[in-house]
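These notes are about the structure you will find just below.
Just so you know, all these numbers are worked out from the coordinates, no wet-lab data involved. For clarity, every value in this text was computed on a predicted model and none was experimentally measured. Glycine gets a Cβ as well: all are built from the backbone with ideal geometry, and neighbour counts include every protein chain shown.
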Amino acid sequence: GVITSIASKMGTGHYSRRKGGRAKIKKYKRKTWLCNRAKDTDQIQDEIEKASQPGSKPAAQFEYDDDLPGGGQFYCVETGKHFADAKALADHKKSRYYKRRCKEIKEEKYTQAEAEWAGGMTKEKLPPA
């Protein structure tokens, strides 16, 4: 009818809500880039180190929080994710992503000196000529 003909003539702007509709919008990408990003392995290694020090509370322990899934009671330290219940956490611990992440965390973390050496920023001691 009349309504559909008017709606079909109206544009949706240069992007619509379909998948990939915002692929070229730099402002949108910049805004949403960090939203769902997983924690880096060195951040998790730091958390585990802090939790292992005497007198500190364990990293997996959270006070009850309504904003977090499962009230923040089901937390995976290795991946830095919260889960709704114990079954979801148990299933997650069987996943390939979790096992891969555990392997990454067991590796030694890079030091600043190692990064500078790899970047060729070290001062070489040459023998006197």
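Applying a 10 Å radius around every beta-carbon, put 77-85, 106-114 in order of their mean neighbour count, most first.
Those peptides, ordered most packed to least, come out 77-85, 106-114.
Among 20-32, 62-74, how do they line up from the highest to the lowest mean number of other beta-carbon atoms within 10 Å? Working shown, then result.
Values: 20-32: 10.5, 62-74: 13.5.
Peptide ranking by packing, descending: 62-74, 20-32.
When Rg is the radius of gyration of the Cα atoms in the stretch 30-129 and Rh is its Kirkwood radius, what does Rg/Rh come to?
1.15
By a straight-distance test (C-alpha under 24 Å), which lysines pair with K109 as possible cross-link partners, with residues fewer than eight away in the same chain excluded?
Answer for K109, where 24 Å is the Cα cut-off: K39, K50, K57, K81, K93, K99, K123, listed by chain and number.
Suppose each label sits 7 Å from its Cα in the direction of the beta carbon; what would the K125-E49 distance come out to in nanometres?
2.6 nm
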